[in-house]
Amino acid sequence: MEYILTEFRSAAKGHFSKFHHEFKKYQKPGGFLRNVLTASELRIEGDAAGLQSLAADFLLTAAQRSHLHLYSGTAPGHLVGPFAEGGNGSIGDIDDTHGPARTPGITQFRYTTSPVMASGLGSLRPGSVVSTGADEEWWILGNTAALASLAERCFDLADEATRPPVELTFEGAKGSEEASLRLILTRSH
């Protein structure tokens, strides 16, 4: 499947409705996501629609150059969070640049999926920097290349030719001040 998404101008300012309207044409039925946090890993598991939704969150974060809170169950203000089970978390831009020197995020996204045929290590674009961790909540921080790469891997897992169960593992960042958790994205059904 080919994804062509261009409605990021409003998303960069935190207004996501135009993006979601454009994204609607790709959405699959369903929408299950859960997360499991252990001492060494963050596992995010879902069906095709749930993984597509997670991919959209990675793209919106890359456009906004900030962070998104992802709630489990009902969030403050009675919004239904994307996760049916697990803990609350966030996806953030590792640079999170605000102010006059702010670098714009992605303005368009074009990607043709490649189905995941077997579980293994996930690949990221060159120059990607990603870190996963937890304190009171879990978090995934990445630069623009990493956030777009994680969106691509979610779209790959959601592809019709991907036969679940299958998972992609992203090893924790080495050499950072804090130990980074292993991130595992799983297509369960």
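The values are calculated or read from the model by the stated rules, or taken from the named source; none is laboratory data. Small disclaimer: the values here were computed from a predicted structure and weren't measured. Note that each Cβ is placed from the backbone with ideal geometry, even for glycine, and that neighbours are counted across all protein chains shown. Only protein heavy atoms, including side chains, enter the accessible area calculation; ligands, DNA and RNA are left aside. Shrake-Rupley method; radii C 1.70, N 1.55, O 1.52, S 1.80 Å.
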Among the residues of the range 110-145, the number that are at pLDDT 95 or above, over 14 Å from ILE184 (Cα atoms) and open to solvent by less than 50 Å² (accessible area, probe 1.4 Å) is 3
Scanning the range 122-155 residue by residue, those of a type in the set (D, E, K, R) and either in contact with a Phe, Trp or Tyr (Cβ under 9 Å, 6 or more places away or on another chain) or under 19 Å from LEU70 (Cβ atoms) (or both) turn out to be ASP135, GLU136, GLU137, GLU152, ARG153
Within the range 5-15, of all residues that are out of contact with any strand residue (DSSP E or B) (no Cβ under 9 Å at 6 or more places or on another chain) and open to solvent by less than 100 Å² (accessible area, probe 1.4 Å), the one farthest from THR107 (Cα to Cα) is GLY14
Inside the range 143-175, the number of residues satisfying the requirement of being within 15 Å of the chain's Cα centre (by Cα), under 18 Å from LEU51 (Cα atoms) and not aliphatic (A, V, I, L, M) is 9
